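Asker: Have a look at the structure that comes next, please.
Values quoted throughout were computed directly from the atomic coordinates according to the rules given, and no laboratory measurement underlies them. Just so it is clear, the model here is predicted, and its values are computed rather than measured. Glycine also receives a Cβ, built like all others from the backbone with ideal geometry; neighbour counts cover every protein chain displayed.
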Protein chains: 2
Amino acid sequence: MLDFKKLELNPSEPVYLQIVSFVKRQIFIGTVEQGESLPSRREMAALLKINPNTVQKAFRLLEEEGLVVTPPNAVSILHWDEEIYAVIQKELTAGLVVDFVAQAKANGLTLDMVMELLRNEWAKENER
Amino acid sequence: MLDFKKLELNPSEPVYLQIVSFVKRQIFIGTVEQGESLPSRREMAALLKINPNTVQKAFRLLEEEGLVVTPPNAVSILHWDEEIYAVIQKELTAGLVVDFVAQAKANGLTLDMVMELLRNEWAKENER
DNA sequence: ATAAGTGTATTATTGCTATGATACACTTAA
DNA sequence: TTAAGTGTATCATAGCAATAATACACTTAT
């Protein structure tokens, strides 16, 4: 189930994008089901203490990406098909490493160096 | 030796940052020596077809980070000490993975998954 | 002396993006 | 019918960051 109270807003990244990412990750991880309702724009805005338009922007984006459907004058509902799921799955996995690898190569690093750095950083603080 | 002709400007990232990164990477990789001169602001601006102030901003940043020194009314010169070198070395290696790991964890990925993705992406196109 | 080359400081402009205010159309239930 | 709740469209605002224009002080070689 979607629990937006767990979404801690980071002031340095656009709020609407944080909402989008949050929902995508929940779908990807599988903590959320098809047909589940999202809060209304105003409700969610009140919860997060932000402007309803910001929520609207996030939800519209989710709709454009095929993760959400919104009947007229009613609350948005989570809905996606396999194809779309594959897209966000790729985005959250393979897509994540693309820029990273490009940068690492530009910096002159080797694969072995990167894997070593990765292991170290991963071990640091398994908090949360 | 610094060859700014190899610096292909990417329109979607600030130019002055691209210049800074370029120089840092050259220092880190070791294709450049202490005492080497940079082009004058105007010269470099002409070469890259950008505004001299943009070059100035980049060079000033490099100076603030301790990679460059600029005598009065003269061209800037590459100069750094071991401590500063260690800083940018860390920035270009360990520092690179920090955000990446944070994101991967947020997406619910495991270390093994990430390493696998990394190998795949690294193998893709060893061009350049 | 002069002209051309340095770096630098100050200010202006531009463009973009995120966010906010407001009004509208519609549904639903009291 | 009315009031409160939906989403939505349009426009305004604000803030920020990158880039640009301009003028200044100084050096150097002609």
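Asker: Please state the charge dipole magnitude for the stretch B:1-116, taken about the Cα centre, from unit charges on C-beta atoms (+1 on K and R, -1 on D and E), reported in debye and rounded to the nearest 20.
Answerer: Values: 11 positive and 16 negative charges, 108 e Å.
The dipole of the stretch B:1-116 has a size of about 520 debye.
Asker: Using the 7 Å Cα-to-Cβ label point, sort the distances from A:ALA123 to its equivalents in the other copies shortest first and give them in nm to one decimal.
Answerer: Distances between equivalent label points, in nm: 2.7.
Asker: Net charge near A:GLU83: determine it from the other residues with C-beta under 12 Å of the C-beta of A:GLU83, scoring Lys and Arg +1 and Asp and Glu -1. Mind showing how you got there, number by number?
Answerer: On the way: positive: A:LYS90; negative: A:GLU65, A:ASP81, A:GLU82.
Computed value for this residue: -2.
Asker: Follow-up. Compute the whole-percent fraction of alpha carbon pairs in the stretch A:11-94 spaced more than 21 Å apart.
Answerer: Working: 907 of 3486 pairs.
Cα-Cα pairs of the stretch A:11-94 separated by over 21 Å account for 26 percent.
Asker: Could I ask something else about it? How long are the semi-axes of the equivalent ellipsoid of the protein assembly as shown, taking √(5λ) for every eigenvalue λ of the Cα gyration tensor, in whole Å from largest down? Don't jump to the answer; show the numbers that get you there.
Answerer: Values: eigenvalues 364, 102, 55 Å².
So the equivalent ellipsoid measures 43, 23, 17 Å along its semi-axes.
Asker: Same structure again: Which net charge results for the neighbourhood of A:VAL114, defined as the other residues with beta-carbon distances under 12 angstrom from its beta-carbon, given Lys and Arg at +1 and Asp and Glu at -1? Walk me through the numbers before you get to the answer.
Answerer: Numbers: positive: A:LYS105, A:ARG119, B:ARG119; negative: A:ASP112, A:GLU116, A:GLU121, B:GLU121.
So the environment of A:VAL114 carries a net charge of -1.
Asker: How far apart, in nanometres, would the label points at A:ALA94 and A:ASN120 be if each is projected 7 angstrom from Cα along the Cα-to-Cβ direction?
Answerer: 3.0 nm
Asker: Between copies, how far apart are the A:GLU8 label points? List them in nm, one decimal, shortest first, with each point 7 Å from Cα toward Cβ, please?
Answerer: Its label point is 4.1 nm from the equivalent points in the other copies.
Asker: Give the relative contact order (percent, whole number) for chain A; include only Cα pairs under 8 Å separated by 6+ residues. Intermediate results must be reported in sequence, preceding the final value.
Answerer: Values: 95 pairs, mean separation 26.7, N = 128.
Relative CO of chain A lands at 21 percent.
Asker: May I ask for the distance between the Cα centers of the stretch A:71-107 and the stretch A:22-61, given as a whole number of Å?
Answerer: 16 Å
Asker: Summing Lys, Arg as +1 and Asp, Glu as -1, what charge do residues with Cβ under 13 Å from the Cβ of B:LEU47 carry, B:LEU47 excluded? Please list the in-between numbers first.
Answerer: Working: positive: B:LYS5, B:LYS6, B:ARG41, B:ARG42, B:LYS49; negative: B:ASP3, B:GLU8, B:GLU43.
Taking every Cβ under 13 Å from that of B:LEU47, the sum is +2.
Asker: How big is the charge dipole of the stretch B:55-128 about its Cα centre, in debye rounded to the nearest 20, if each Lys and Arg gets +1 on its Cβ and each Asp and Glu gets -1 on its Cβ? If you can, show how the numbers build up before the last one.
Answerer: Numbers: 7 positive and 13 negative charges, 44 e Å.
About 220 debye.
Asker: Put +1 on the Cβ of every Lys and Arg and -1 on every Asp and Glu Cβ in the protein assembly as shown; which of B:SER12, B:ALA104, B:LEU78 then has its Cα farthest towards the positive end of the dipole?
Answerer: The residue sitting most towards the positive pole is B:SER12.
Asker: Identify the residues of the stretch B:25-56 with backbone N under 12 Å of a label point that sits 7 angstrom from the Cα of B:GLU63 along the Cα-to-Cβ direction, or state none.
Answerer: Backbone N within reach: B:41, B:56.
Asker: Now, a different point. How large is the Kirkwood hydrodynamic radius of the stretch A:58-128, counting all unique pairs of alpha carbons, in Å? Please list the in-between numbers first.
Answerer: Working: mean 1/r = 0.0651 Å⁻¹.
Over the stretch A:58-128, the inverse of the mean reciprocal pair distance is 15.4 Å.
Asker: As a check on your reading of the symmetry: which chain A residue has its Cβ nearest the axis that brings A onto B, and how far is it in Å?
Answerer: A:PHE100, 2
Asker: First measure r as the distance between the Cβ atoms of B:MET1 and B:ILE84, then evaluate 1/(1 + (r/R0)^6) with R0 = 22 Å and state the FRET efficiency to the nearest 0.05.
Answerer: Details: r = 20 Å, r/R0 = 0.93.
The calculated FRET efficiency here is 0.60.
Asker: I would also like to ask the following. Say the cut-off is 27 Å between C-alpha atoms; which of A:LYS49/A:LYS124; A:LYS6/B:LYS105; A:LYS5/B:LYS90; A:LYS24/A:LYS105; A:LYS49/B:LYS57; A:LYS105/B:LYS5 go over it? Before the final figure, lay out the partial values.
Answerer: Details: A:LYS49/A:LYS124 33 Å; A:LYS6/B:LYS105 16 Å; A:LYS5/B:LYS90 36 Å; A:LYS24/A:LYS105 29 Å; A:LYS49/B:LYS57 38 Å; A:LYS105/B:LYS5 19 Å.
Beyond 27 Å between Cα atoms: A:LYS49/A:LYS124; A:LYS5/B:LYS90; A:LYS24/A:LYS105; A:LYS49/B:LYS57.
Asker: Additional query: Distances in nm, one decimal, shortest first, from B:GLU33 to the same residue in every other copy, taking the label point 7 angstrom along Cα→Cβ.
Answerer: 7.1
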